[in-house]
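Everything on this sheet refers to the single structure shown next.
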Amino acid sequence: MKKHSLAEFIKSKSFYALLCVGALAIVAITLVSLNQPSDKEGGNKLADLNEPIVTDEVADGDVDSDYDESVDTNNTPSDTAANTPSAGTDVASNGPTQNEITEPVTDGSLLENDIYDDPNAVANAGNNTEGNASVAETTEKPEVETATEETETKEVISPETLYFDTEKGLLWPVKGNVLMDYSADKVVFFETLQQFKCNPAVIIGAQVGTEVLSAADGIITSITKEEETGTTVTISVGSGYNLVYGQLDKEIKYKVGDQVKEGAVIGTVADPTMFYSVEGSNLYFQVSKDEETVNPMLLLR
């Protein structure tokens, strides 16, 4: 009877339902066991290195006086170990480390690499800057002053800036008699040459060695040696006027480009050339306006 009832129970639907429930329970227990960490794994769980380890004592500023320095620090995070001062190092005496110096203070005269490479560079930076500044001032100031002086000189002595006042006229370059008058439109007789020809200048008699004066303010534009007039000096007095002094001694007191004032001694009268041997020693004095000769007697005062 019991065997017959057990066989019928196994064949019934209730048996299979209980069998499925048991199987599902076993599967559920197995999954829960697999997902549950073992005690061994829980004990070896690693700490997160990205989170700093701060104990209650350190946070509160209390340090355990019984701290044993011999404790193994192999499990200390790398960031904390790197920032921990080594034994025997006096942090207060060494001051801030090089990593803490973000912007070294310099005066701009040295590169940052030079300052790090040479410890003495920082100490000498201020002295070098002061020396360089004084040298720069000493060098630059004369250049500016020289440039200004040259500019002013060029403006003053430039022939274009000169002005000749015809109303004021000309100073007599030497005191003496006129041996030959100016004659541009008709011929006059030259005793030495024994011929008639035009005379573009006035011939003023003067003894050898007589000082020849500048008839007006001007600039010396040429000093030449001529066959007829010997040592000859040309001075531009402005407004297109030029003065020519001939029969001078070779020792001229100025050079080309020099500025001369009215009444300044240009040179002295020399022995006459062979073209004026009969007339005797004299000053050849010619005035021109825009390369056309002018009668000096109309301007001499």
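Quick note: the coordinates plus some simple rules give every number you see, no bench work behind them. Keep in mind it's a predicted model, so treat the numbers as computed, not measured. No Cβ is skipped: glycine too gets one built from the backbone with ideal geometry, and neighbour counts run over all protein chains shown.
When the strands (runs of 3 or more DSSP E) confined to the range 174-270 are screened for residues that are buried (at least 18 other Cβ atoms within 10 Å of the Cβ), those reaching at least 3 such residues are found at 202-205, 218-226, 230-238, 241-248, 265-268.
The condition (being in contact (Cβ under 8 Å) with a residue 40 or more places away in the chain and either more than 23 Å from residue 160 (Cα to Cα) or more than 53 Å from the chain's Cα centre (by Cα) (or both)) is satisfied by just one residue among 199, 242, 282: 282. Contact map, the range 217-236: residues that are closer than 14 Å to residue 269 by Cα and touching a residue at least 12 places away in the same chain (Cβ under 8 Å) paired with residues that are in a loop (DSSP other than H, G, I, E, B) and of a type in the set (A, V, I, L, M, F, W, C), Cβ distance under 9 Å, separation 6+ or inter-chain. Pairs shown: 229/201; 230/270; 231/252; 231/270; 233/252.
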